[in-house]
1. For the chain, set up a Gaussian network in which alpha carbons nearer than 10 Å are linked by springs, and say which option among P79, P145, P70 fluctuates the most.
2. Checking the a/c ratio against 1.5 first, then a/b against b/c, what shape does the Cα gyration tensor give for the chain?
3. Tell me, how many Å apart are the Cα centres for the range 148-185 and for the range 32-55?
4. Would you work out which of F166, L134, L77 lies farthest towards the positive end of the dipole of the chain? Charges go on Cβ: Lys and Arg +1, Asp and Glu -1.
5. K88: which lysines have alpha carbons under 16 Å from its alpha carbon, excluding same-chain residues fewer than 8 sequence positions away?
6. Roughly speaking, to the nearest percent, how much of the range 111-176's 1.4 Å accessible area is carbon and sulfur?
7. Could you state the accessible area per residue of the chain in Å², with a 1.4 Å probe and every protein chain left in place?
8. Compute, for R120, the solvent-accessible surface of its heavy atoms (probe 1.4 Å) with the complete set of protein chains present, and express it in square angstrom to the nearest 10.
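The values are calculated or read from the model by the stated rules, or taken from the named source; none is laboratory data. All of these numbers come straight from a predicted model, not from anything done at the bench. Cβ placement follows ideal geometry from the backbone for every residue including glycine, while neighbour counts extend to all protein chains displayed. Just the protein is used for accessible areas: all its heavy atoms, side chains included, with ligands, DNA and RNA removed. Shrake-Rupley method; radii C 1.70, N 1.55, O 1.52, S 1.80 Å.
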Amino acid sequence: MQTLLVSGYKAHELGIFSDSHEGVYYIKKALQQRIRALIDEGLEWVIISGQPGVELWAAEVVFDLQPEFPDLKLAVLTPFLEQETRWKENVQEKYQEIIINADFVDSVSRKPYENPQQLRVKNQFLVQKSDAILLLYDEEKDGSPKYYLQAAMSKQELDDSYKIYFITPYDLDIIVQEEQWNRNE
């Protein structure tokens with residue numbers, strides 16, 4: 001596996017409105033553990049669409065890992081041009097920093113937002129361009145990751161080598177417990 005698509009909930013879907021929220025630390029820790037394990041299996045590229053939340057945190061994790069794994073690269077493939085124009089200023093700044101530091105940046109649609117079809121096309125395109133997907137996802141909590149999951153399951157039906165990996169609330173609970181245990185030692 002060389003190319004991993006990473007996604008999950010947007011920050012507001014998780015009730016996170018600041019990068020200083022302690023949940024961000026645990027999510028990034030979970031992402032780092034999974035990405036690090038997949039690097040050992042040949043991972044070279046992490047792809048995101050640049051959405052605030054899990055995707056931008058995954059980009060930061062990739063940047064944190066690059067000094068140790070210089071062959072690891074980040075691609076940001078946005079659904080359409082200027083996707084960040086309606087975001088809050090602090091999110092736009094973080095997004096621009098990630099775009100500047102990414103190894104590859106492009107847009108699936110070469111136009112600004114026109115309709116929801118652009119998002120569906122982006123989901124299908126990114127799943128097709130990846131060997132696996134890693135989703136922060138809770139089966140009991142509907143949200144934006146379900147659309148990637150649907151596209152990934154459709155691909156997996158046609159190509160059983162396509163892998164779908166999850167980071168679940170249970171996985172995050174384990175990390176929180178481990179971190180608390182380590183702090184108390």
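1. P70
2. Details: a/c = 1.39, a/b = 1.22, b/c = 1.14.
In terms of gyration-tensor shape, rounded.
3. Comparing the Cα centres of the range 148-185 and the range 32-55, I get a distance of 12 Å.
4. Checked the options; the winner is L77.
5. The qualifying lysines are K10.
6. Of all accessible area on the range 111-176, carbon and sulfur atoms account for 52 percent.
7. 56 Å²
8. Surface open to solvent at R120 totals about 130 Å².
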